[in-house]
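For reference, the structure discussed in these notes is given below.
The values are calculated or read from the model by the stated rules, or taken from the named source; none is laboratory data. Small disclaimer: the values here were computed from a predicted structure and weren't measured. Quick reminder, even Gly has a Cβ in these numbers, built from the backbone with ideal geometry, and neighbours come from all protein chains shown.
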Amino acid sequence: EERVGRRRRGVDRRRRAAGREDSEVGEDPLEPGARENRGALLVLEAAQLRIGFSTAVDGRVEKIVENLGQVRPTFVAAVPRIFEKIYNKIVGGAKEAGGAKWAIFSWAVGVGREVSRLRLAGKEPSGLLALKHKIAHKLVFSKLDALFGGRLRFFISGSAPLAKALGEFFHAAGVLIAEGYGLTETSAASCVNTFEHLRFGTVGHPLPGTQVKIAEDGEILIKGRGVMRGYRNLPGQTAEALDADGWLHTGDIGHVEDGFVKITDRKKDLIKTSAGKYVAPQMLERKLAVACPYVSHSLAHGDNRNFVSMLVALDPEAISKWAAARGLGGKPYAEVVASKEVRDLIAPYIDEVNKDVASWEQVKKWTILPADLTLETGDLTPSMKLKRKDVERKYRQTLDDFYEGTVVDV
């Protein structure tokens, strides 16, 4: 009874509302790039003023992972790319260690997944499973707690869809990623997952006072108290965004399942092949990001083409470590990623992406880019999203070559 009581108190500690004793690692609201997430930032800032928790900011979004151990936050609000980097660091490190360490890690995650499924059903582990979970925590999950600073209660994810596998993994490790959804036009949050109402791969239920419906073309429409009255002095744009009944046309494609809202892609980013088939590029890109610990970014392409192709950028740090361990250290990055060894390394992950998708969604040709896609080179937005049109223009010849047959098919 005492053990159960301690466990329940631990769960309650994670589920309680934010208070003065809390702290977060977040985005610098004064950075020019923060305008992309202005609505969400304003909500957090208002909550901070109301509640009194502290926020640690670093203008370098990519440094959030490094800052966790030093700041020791109780929650973190970040974009999906940050959680991909944390995941790849954890899983990639365990795979690289190999042998017994990888076996123990895989076993612990399997135990964590069993416990996660129970907790999603409102139950707690008992008997042998409870014992195995205690051992898994001691051997593996306690080390992840230390990586997160030792006080973390939950993550908040927004700005782009989070891969379902990431939510499942972190919950198995004992940390909820509360994925939400909203726009500046909706005063930030419109939907969110909570401890009580959680489904991985979705952005949760609409918040009180918010209505969501799906248009005939799959676009998500939102109506409610938080929706804007219009863009200041821009009646034309206002008319495009808000219909006569007050529904905001979000520009996002998705559907609703059992009250949970699921985002598929941006309407403007959907690929329509020359055969008239629709492909959601972000779905393919998320699959690769989760499957491959060496990938930094990828771009699925194929609008008005006869098949889907992909540009793949590798993480310089991850691929350099891999190369050094195989006698390829010291060579220029571009030379390493152009090698047959690296292509052979990445090929199985592309095969993984092509599993369980329709034939017209499969990546038929791909290449590894000679440089990473970064904010500094103008390939990413400040919130780590791909500037798709810019990247496609930059690598137009490479993309055209896919369809001219000058790049080897895979």
### Task
Determine whether LYS365 is farther than 20 Å from VAL290 by Cβ, touching a helix residue (DSSP H, G or I) at 6+ places or on another chain (Cβ under 7 Å), assigned by TED's automatic domain parsing to the domain that holds PRO332 and basic (Lys, Arg).
yes
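I'm trying to understand the selection: among the residues of the range 352-382, which are aliphatic (A, V, I, L, M), in a loop (DSSP other than H, G, I, E, B) and touching a strand residue (DSSP E or B) at 6+ places or on another chain (Cβ under 8 Å)?
If the condition is that a residue be aliphatic (A, V, I, L, M), in a loop (DSSP other than H, G, I, E, B) and touching a strand residue (DSSP E or B) at 6+ places or on another chain (Cβ under 8 Å), then LEU369, ALA371, LEU373 are the ones that fit.
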### Task
Collect the residues in the range 152-182 that are closer than 26 Å to GLU21 by Cβ, assigned to a loop (DSSP other than H, G, I, E, B) and either in contact with a strand residue (DSSP E or B) (Cβ under 8 Å, 6 or more places away or on another chain) or of a type in the set (A, V, I, L, M) (or both), keeping them in residue-number order.
LEU152, ARG153, GLY158, ALA173, VAL175
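Quick grid of which residues meet (1) within 21 Å of the chain's Cα centre (by Cα); (2) charged (D, E, K, R):
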site: LEU299; (1), (2): yes, no
site: VAL337; (1), (2): no, no
site: ILE346; (1), (2): yes, no
site: ASN354; (1), (2): yes, no
site: SER383; (1), (2): yes, no
site: LEU386; (1), (2): yes, no
site: ARG393; (1), (2): no, yes
### Query
So which of GLY251, GLY246 ends up being part of a strand (DSSP E or B), touching a strand residue (DSSP E or B) at 6+ places or on another chain (Cβ under 8 Å), at positive phi and without any contact (Cβ under 8 Å) to a residue 40 or more places away in the chain?
GLY251
### Output for the range 183-197, where each listed residue is in a loop (DSSP other than H, G, I, E, B) and surrounded by 21 or more Cβ atoms within 10 Å (Cβ to Cβ)
ASN193
#### Entry: Answer from ALA130, ALA173, ALA121, ALA100 - the residue that is small (Gly, Ala, Ser) and under 21 Å from LEU68 (Cβ atoms)
ALA173
### Query
Can you tell me which of GLY158, GLY180 is under 15 Å from the mean Cα position of the chain (by Cα), at pLDDT below 90 and surrounded by 17 or more Cβ atoms within 10 Å (Cβ to Cβ)?
GLY158
